[in-house]
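The next block holds one structure in the form of structure tokens; read it before the comments.
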Amino acid sequence: MADRLENAWVILEPMTLEHVPALEEAAADGELWDLWFTTVPRPGEMTAYVEKALRGQVEGRMAPWVVRERSSGDIVGTSRYYDITPDPYRLAIGYTWYAKRWQRSHLNTACKHLLLDNAFQNLGVVAVEFHTDAYNQDSQKAIERLGARKEGVLRAHKRREDGSLRDTVCYSILATEWADVDKWLQLRLKRLAP
């Protein structure tokens, strides 16, 4: 995994336990843990959340990042590679959440552009997947705005934090599609970003 990824709007840093206080502050902006279809840790649970992500990294299943908004220098959320499989080499991007004040801004496009570019250009994956809860309409719209194609729905696929079963909506972008998606995302950033 790269030491960090950055562009004009965000810096992605490999997640460490030192990021816990800043992540707790970001999650508190909007009390993101109250969204039952997401996996944002409640107050006091961020350390366990980060430790689990770091175990996934050691095991080669995940690469977790914190998202630092460039102009303020604030940690405003997190995202990660996960479900990393070697043959064919593919991965998913998810576990993404941002402080409420940064939702529906240019930040998600800037962050995902960095992660996608790194995955296709530096890591050489054949595909990047996105998965979200069928009830998370905002996430589905955001994934579609990235240029990902909807693959389908896995019904009763995973358990939510409350124990209920969720249907998972699956999307992907193939390496052969990346050049066009890259142009689209760069155009979006020119239009969206301050």
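The values are calculated or read from the model by the stated rules, or taken from the named source; none is laboratory data. Please read these numbers as outputs of a predicted model, since none were measured by experiment. In this analysis, Cβ positions are derived from the backbone assuming ideal geometry, glycine residues included, and neighbour counts consider all displayed protein chains.
Residues in the range 36-52 that are surrounded by fewer than 16 Cβ atoms within 10 Å (Cβ to Cβ) and modelled with pLDDT of 95 or more were compared, and the one that is farthest from residue 84 (Cα to Cα) is 47.
When the range 130-140 is filtered for residues that are free of Cβ contacts under 8 Å to residues at least 60 places away in the same chain, more than 14 Å from the chain's Cα centre (by Cα) and under 18 Å from residue 103 (Cα atoms), only 137 remains. Residues in the range 1-21 that are among the acidic types (Asp, Glu) and over 20 Å from residue 55 (Cβ atoms): 3, 6. One residue stands out among those in the range 148-164 that are touching a strand residue (DSSP E or B) at 6+ places or on another chain (Cβ under 9 Å) and at pLDDT below 95: the one that is surrounded by the fewest Cβ atoms within 10 Å (Cβ to Cβ), which is 159. For the range 133-147, filtered to residues that are touching a helix residue (DSSP H, G or I) at 6+ places or on another chain (Cβ under 6 Å) and either assigned to a loop (DSSP other than H, G, I, E, B) or at pLDDT 95 or above (or both), the residue that is farthest from residue 95 (Cα to Cα) is 147.
Residues in the range 53-82 that are surrounded by 14 or more Cβ atoms within 10 Å (Cβ to Cβ), within 23 Å of residue 123 (Cα to Cα), out of contact with any helix residue (DSSP H, G or I) (no Cβ under 8 Å at 6 or more places or on another chain) and not aliphatic (A, V, I, L, M): 56, 57, 61, 68. Sort out which residues of the range 165-194 are of a type in the set (A, V, I, L, M), exposed (fewer than 14 other Cβ atoms within 10 Å of the Cβ) and farther than 17 Å from residue 108 by Cα, and write them in order of number. Scanning the range 165-194 gives 165, 179. Residues considered: 67, 40. Of these, the only one that is assigned to a strand (DSSP E or B), in contact with a strand residue (DSSP E or B) (Cβ under 9 Å, 6 or more places away or on another chain) and within 21 Å of residue 142 (Cβ to Cβ) is 67.
Taking the conditions exactly as written (under 17 Å from the mean Cα position of the chain (by Cα) and not basic (Lys, Arg)), does residue 151 satisfy them or not?
No.
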